[in-house]
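Peer 1: Here it is: the structure, laid out below.
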Amino acid sequence: MKKPIATLLLSALLMTGCASKLNPFNWFKRSTNETVQQVAPGQVIENRNLVDQVISLQIEKTNGGAIIHAVGLPPSQGYWDAELVPENDEKPVKGVLTYKFRIDQPFEFKRASTPTSREVVVGHFVSNIKLRDVTTIRVLGARNARSSRR
C-alpha cells in the first residue's frame with residue numbers, strides 16, 4: 001500500500017517540475033496586453049464584400065419616396081445576405097446618393113454555373129425627405145458602378 005502512494009507522490013512531484021501540458025501549473029500563462037479596435041456608437045463594422053458586378057439599376061417612384069432595385073452578379077452561386085449599404089449616413093454629396101452593394105460569400109465552394117443563375121436582386125427604400133437634394137443615385141460594385149439620374 002505504501003509503494004503505490006509513494007510512487008504517486010513521487011510522480012506528482014516530478015510532474016510539477018516538468019514543462020509538460022499535464023502539469024497544472026503550466027496551464028495558464030501570465031496575462032498579456034492586447035489592443036482593441038475602438039468602434040464609435042452607432043458605427044457598424046462591415047465584413048461583407050462588394051458584389052463583383054452591378055448589372056442593372058432601376059429606380060421606382062412611390063408615394064413616399066423611391067425604391068432602388070439593383071441586380072448584382074457574384075463570381076459563383078451561393079452568395080447571400082445582400083444589401084445596399086448607404087455611404088455618408090445616406091446623405092448626398094454634391095447631389096449624388098451612393099450605396100455599396102454588399103454581399104456575403106458562401107461557406108463552401110459553389111459552382112459558377114450560368115450568369116442568370118448567379119444573379120442577386122436587392123431593394124432599398126429611400127424617403128422623399130432624403131431624396132430632396134439628390135440628382136443621382138449610384139450603386140457601387142467591386143468592378144463597376146451604375147448610376148441613375150433624375
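The values are calculated or read from the model by the stated rules, or taken from the named source; none is laboratory data. Everything numeric here is computed off the predicted structure, so don't read it as measured data. Here Cβ is always computed from backbone atoms with ideal geometry, including for glycine, and neighbour counts include all displayed protein chains.
Peer 1: Of all the residues that make up the range 41-82, how many are outside any strand (DSSP E or B) and not polar (S, T, N, Q)?
Peer 2: Within the range 41-82, the first condition is being outside any strand (DSSP E or B), and the residues that meet it are 41-48, 51-52, 63-64, 74-79.
Subset that is not polar (S, T, N, Q): 41-42, 44-46, 48, 51-52, 64, 74-75, 78-79.
Final tally of qualifying residues: 13.
Peer 1: Report yes if some residue within the range 124-134 is of a type in the set (F, W, Y) and closer than 19 Å to E46 by Cα; otherwise report no.
Peer 2: If we filter the range 124-134 for residues that are of a type in the set (F, W, Y), which is where we start, we get 125.
This time we only want the ones that are closer than 19 Å to E46 by Cα, so: none.
No, the range 124-134 contains no residue that is of a type in the set (F, W, Y) and closer than 19 Å to E46 by Cα.
Peer 1: So which residues in the range 107-119 are surrounded by 10 or more Cβ atoms within 10 Å (Cβ to Cβ) and over 18 Å from I55 (Cα atoms)?
Peer 2: K110, R111
Peer 1: Under the condition of being more than 19 Å from the chain's Cα centre (by Cα) and in a strand (DSSP E or B), which residue from the range 83-106 is surrounded by the most Cβ atoms within 10 Å (Cβ to Cβ)?
Peer 2: By that ranking, first place goes to L97.
Peer 1: So R146 passes all but one of these: (1) among the charged types (D, E, K, R); (2) modelled with pLDDT under 90; (3) surrounded by 14 or more Cβ atoms within 10 Å (Cβ to Cβ). Which condition number does it fail?
Peer 2: Condition not satisfied by R146: (2).
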